[in-house]
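Peer 1: Dropping a structure here in structure tokens format, bear with me for questions.
The values are calculated or read from the model by the stated rules, or taken from the named source; none is laboratory data. Predicted, not measured: the structure shown is a model, and the values here were computed from it. Neighbour counts are summed over all protein chains in view; Cβ atoms, including those assigned to glycine, are modelled from backbone coordinates with ideal geometry. Heavy atoms of the whole protein, side chains included, go into the accessibility calculation; ligands, DNA and RNA do not. Shrake-Rupley method; radii C 1.70, N 1.55, O 1.52, S 1.80 Å.
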Amino acid sequence: MENVKIIGCGYAKAEKKLFNTDLEKIVDTSDEWIVQRTGIHSRYITQTKNTSDLAFEAAKKAIKDAQIDVSLIDCILVATTTPDCITPSTACLVQEKLGLNGQECTSFDLNAACSGFVYGLSLASMMLETYSTILVIGAETLSKIIDWNDRNTCVLFGDGAGAALIQKSNQGRMVSFTKSTGDKDGFLMCKGLSLQEKEMSYLEMNGKEVFRFAIEAMPYSIEKVLEKANQKIEDIDLFIPHQANIRILKHVAKKMKIDFDRIFVNLDEFGNTSSASIAIALAQAKEQGKIKKGMKMVLTGFGAGFTSGAIYLEW
Ligand code: ACO
């Protein structure tokens, strides 16, 4: 369904802000290296909260922003790679925290790594044939699957959550494109719970290969979604991409001839929060007054799987 409107959004930060200089004390790295290679200056890490807590905080803000009664929500989708537990789903935990236990609500998680929020919105827009008000959340506590002795990964990631509420409406438009391919070489994975690994393991990444994938996948997704929506790149007022690395974004901007001031960036503050990244960026852009009625936007992500996708939005 294309007649879809985001009626509210919100985000939650984890409580501890970790600067690059803090990481210099843990691994052999430097603020200069991290800023130069990634654009990241800080990230937020939680030591007390679980994914469902951050998701709940973001959801409450989205509900407030939308000015609706919580009881209208009849479906909750949480995109995460770091759920509180294997079962129940983080979405069911959020449902309980929102006080929606006793009512008819369909809640479940999805895992599409850093494309999770894009996949969530895409799926939710189709589900609006059945449900009236869908809460889509991207939430992560990546700090629990990061090896804090591995400088290749620990400097990149952060915790957080973002949420959006969607409804059927003629006043908005949403078009989506998603794609996944296998990662047979295991360039980006967290093996925990495989038959061979009896204990939880850490996130492992071949940064160069992921970089290579990202600079192909993002332009491809943007082109595909614009083609579906019958729009041109120059029609887009604001791009909200997955926040992984400033060099990836600059590469994509150059390749697609997008002025960099049309790209929303907050990775300098948040680092890479995987499924939460686009959701946080969307809510923060709105909070900063960067999203106006009638604007045309593209959200785009890429992540482990490999997964990728884009959402075209008319606000
Ligand atoms: N501090 C200092 N030196 C470091 C660090 C660090 N934190 N990390 C790596 N290095 C070293 C390496 O050991 C290497 O040293 P060597 O030359 O002596 O072997 C050197 O720096 C260069 O390493 P590269 O891996 O070549 O550095 P590169 O320029 O490729 O940057 C980076 C690495 C930032 C990871 C980059 O490849 C990248 O951003 N890739 C994409 C990663 C990404 O987007 N991941 C998440 C996407 S999906 C998801 O979020 C789940």
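Peer 1: Ranked from the most accessible area to the least, with a 1.4 Å probe and all protein chains present, what is the order of TRP315, TRP33?
Peer 2: TRP33, TRP315
Peer 1: Could you sort GLU216, GLU24 by accessible area so the largest value comes first, with the probe set to 1.4 Å?
Peer 2: GLU216, GLU24
Peer 1: Taking springs between alpha-carbon atoms closer than 10 angstrom, which of GLY102, GLY192, GLY120 fluctuates most in the Gaussian network model of the chain?
Peer 2: Maximum among the listed residues: GLY102.
Peer 1: Test of understanding: what is the full-extension gain from GLU96 to VAL70, defined as 0.36 nm times their sequence separation minus their Cα-Cα distance?
Peer 2: That pair, GLU96 and VAL70, stretches by 8.2 nm at full extension.
Peer 1: Counting only the heavy atoms of the protein chains, how much of VAL27 is accessible to a 1.4 Å probe, in Å² to the nearest 10?
Peer 2: Rounded to the nearest 10, that gives 10 Å².
Peer 1: Kindly provide the GluC sites (Glu not before Pro) of the range 33-113 that DSSP labels as loop, not H, G, I, E or B, and whose Cβ sees at most 13 other Cβ atoms within 10 Å.
Peer 2: Answer by residue number: GLU104.
Peer 1: Using the Cβ atoms and a cut-off under 13 Å, what net charge is assigned to the surroundings of GLN171, where Lys and Arg are +1 and Asp and Glu are -1?
Peer 2: Here the count lands on +2.
Peer 1: Aspartates and glutamates near LYS60 by alpha-carbon distance under 14 Å, same-chain residues fewer than 8 away left out - which ones?
Peer 2: Qualifying aspartates and glutamates at Cα under 14 Å: ASP69, GLU96.
Peer 1: Same structure again: Please give the solvent-accessible surface of ARG173 in Å², to the nearest 10, using a probe radius of 1.4 Å with every protein chain present.
Peer 2: Rounded to the nearest 10, that gives 50 Å².
Peer 1: Of SER201, SER122, ALA253, whose Cα points farthest to the positive end of the dipole of the chain (charges on the beta-carbon: +1 Lys, Arg; -1 Asp, Glu; origin at the Cα centre)?
Peer 2: Value: ALA253.
Peer 1: Around CYS190, which amide H atoms from residues at least 5 apart in sequence, or from another chain, sit under 5 Å from its own amide H, with H modelled in the peptide plane?
Peer 2: GLU204
Peer 1: For GLU129 and LYS232, FRET efficiency with R0 = 22 Å and r from the beta-carbon atoms, rounded to 0.05? Write down the numbers at each step before the final one.
Peer 2: Working: r = 29 Å, r/R0 = 1.33.
Taking R0 as 22 Å, the efficiency between LYS232 and GLU129 is 0.15.
Peer 1: Let me ask something else. Which order do THR87, THR29, THR80 take when ranked by solvent-accessible area (1.4 Å probe, heavy atoms of all protein chains), largest first?
Peer 2: The residues order as THR87, THR29, THR80, largest area first.
Peer 1: Translational D (Stokes-Einstein, µm²/s) of the chain at 10 °C and 1.306 mPa s when Rh comes from the Kirkwood sum over C-alpha pairs? Don't skip to the answer; put the middle values down first.
Peer 2: Details: Rh = 19.2 Å.
For the chosen part, D equals 83 µm²/s.
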